[in-house]
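The values are calculated or read from the model by the stated rules, or taken from the named source; none is laboratory data. From a predicted model like this one, the values you see are computed outputs, not experimental measurements. Cβ placement follows ideal geometry from the backbone for every residue including glycine, while neighbour counts extend to all protein chains displayed.
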Amino acid sequence: MSQDPLGAAETVERLRQKIDPFFEVVAEHVKGSHLSGRRLELDAVARPKEALLKDGFANINIGFYLRDPLSGPSGLRDMPRKAKELIDLAHCRYGEFGALPLIVVYPGFFAHLRADQRQRMGEQSGLFERIMAQFNIGELKPEGKNLVLMYHSTRYWDSVFGVNSERGHFTPLL
């Protein structure tokens, strides 16, 4: 995994390279139908590979949303609107995949912030992560050379230590 900075340069192809040892991308740029009739798009849908399933990872389709949802100069002030966008993605049916039990944001909710900015946020970031988990939205974030899937402010899985034995279970919202 590269140590390049995260941001707008991230592409579906780069994401695919990073998750390829663990997940099989089954579709890219997947259109979904929201309950309101609007059409929304996920960047990729992937399934865990056999080794991950043997480790105890849930056998589910996972939607990947490749944009940092809180980026830009007004990112923190814009939390309610960004949260709504993510929640809307969770309330979609994606063609042959149907409603997805987990939507993962890459590179994470707050990856664009410096450590001192994250520290100033304090418990607000944890609250945001827990609220997003109520809608089956987690985050896949790099930690050094390690990839970590966080859900409900807890490590569900990471690429070094595997699946957390106290993991959650995912069920589609629709």
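Within the stretch 21-42, one or more residues are at pLDDT below 90 and either more than 19 Å from Leu149 (Cα to Cα) or of a type in the set (S, T, N, Q) (or both).
So that you can scan it fast, the table gives a plain yes or no per residue for (1) of a type in the set (Val, Ile, Thr); (2) farther than 17 Å from Val12 by Cβ; (3) buried (at least 19 other Cβ atoms within 10 Å of the Cβ):
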residue: Ile103; (1), (2), (3): yes, no, yes
residue: Leu127; (1), (2), (3): no, yes, no
residue: Ile131; (1), (2), (3): yes, yes, no
residue: Gln134; (1), (2), (3): no, yes, no
residue: Ile137; (1), (2), (3): yes, yes, yes
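The residues in the stretch 135-152 that are assigned to a strand (DSSP E or B) and within 15 Å of Val105 (Cα to Cα) can be counted, and the count is 12.
Would you confirm, using the coordinates I've provided, whether Arg155 is assigned to a strand (DSSP E or B), surrounded by fewer than 19 Cβ atoms within 10 Å (Cβ to Cβ) and free of Cβ contacts under 8 Å to residues at least 24 places away in the same chain? Spelling it out, Arg155 is indeed assigned to a strand (DSSP E or B), surrounded by fewer than 19 Cβ atoms within 10 Å (Cβ to Cβ) and free of Cβ contacts under 8 Å to residues at least 24 places away in the same chain. Residues that are in a loop (DSSP other than H, G, I, E, B) and free of Cβ contacts under 8 Å to residues at least 12 places away in the same chain within the stretch 37-53 comprise just one, Gly37. Selection within the stretch 47-64: residues that are of a type outside the set (S, T, N, Q) and within 15 Å of Arg93 (Cα to Cα). The member of this set that is surrounded by the fewest Cβ atoms within 10 Å (Cβ to Cβ) is Ile60.
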